[in-house]
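As C-alpha cells, the structure follows; a few thoughts come after it.
Bear in mind these aren't lab numbers, they're just calculated from the coordinates by the rules spelled out. This structure is a prediction, so every number in the text was calculated from the model and none was measured. Positions of Cβ are backbone-derived with ideal geometry, glycine not excepted, and every protein chain shown enters the neighbour counts.
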Amino acid sequence: MSANTNRTKTKDVVKKVAERMSCYQKDAKELLEHFTDLIAEEVSQGRQVRFAPLGTFYARPAKKPRRDGTRRLLLRFKPSKAVLRKLEEVAGEGVRDGFH
C-alpha cells in the first residue's frame, strides 16, 4: 500500500469545495489560496487566526535555535471543539489524545 493513500490532495479538496459551493473549481481554488495567504500573513506577524468552525492557527518559535542563532517560527494548529466532535463521530473515542 502506498504511503499517500490516506492523503487528500489539493485538487481533490478544490473539487469537493467547488461541488459543495456549486461554483467553478477555479473559484474554489482562489478562495482556498486567499484563505491560506491570510493565515500565513497574520501568523507571520505574531497574530493568532481563530476561524471558529475549524480552529486556531498560531506560530511559536522553535525550541532549538539554528546554527546562526535565529529561531524558526513553527506553525501550530489547535482544532475547534466542533472539529474534535466531528472526528470523534467518524473515528470513535480517543481522538482528542492526538491534539494535546
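Each label was represented as a point 7 Å from its Cα along the Cα-to-Cβ direction; for V90 and T5 these points are 1.8 nm apart. Between helix 10-21 and the chain there is an angle of about 50 degrees, using the helix long axis and the longest principal axis of the Cα atoms. Extending 7 Å from the Cα toward the beta-carbon at both V13 and K63 defines two label points whose distance is 2.7 nm.
Using only the Cα atoms of region 1-47, each taken as one equal point scatterer with no solvent, compute I(q) by the Debye sum, divide by I(0), and report log10 of the ratio at q = 0.14, 0.22, 0.31 Å⁻¹. With no solvent term, the Cα-only Debye profile gives -0.47, -0.77, -0.99. When each of Y58, Y24 is scored by the number of other beta-carbon atoms lying within 10 Å, the sequence from fewest to most is Y24, Y58. Scan (1) 1.07; (2) 1.82; (3) 1.32 for the value of Cα Rg over 2.2 N^0.38 Å calculated from this model and give just the label. So the structure-derived entry is (3). Between helix 25-44 and the chain there is an angle of about 20 degrees, using the helix long axis and the longest principal axis of the Cα atoms. The alpha-carbon of K15 sits under 24 angstrom from the alpha-carbons of these lysines, leaving out residues fewer than 8 places away in its chain: K26, K29, K86.
When each of the peptides 68-74, 25-31, 40-46 is scored by how many other beta carbons lie within 10 Å of its residues on average, the order from highest to lowest is 25-31, 40-46, 68-74. Determine which aspartates and glutamates satisfy two conditions relative to K78: a Cα distance under 15 Å, and not lying fewer than 8 residues away in the same chain. Partners found: D97. For the chain, the longest principal axis of the C-alpha atoms and the axis of helix 81-91 are separated by about 60°.
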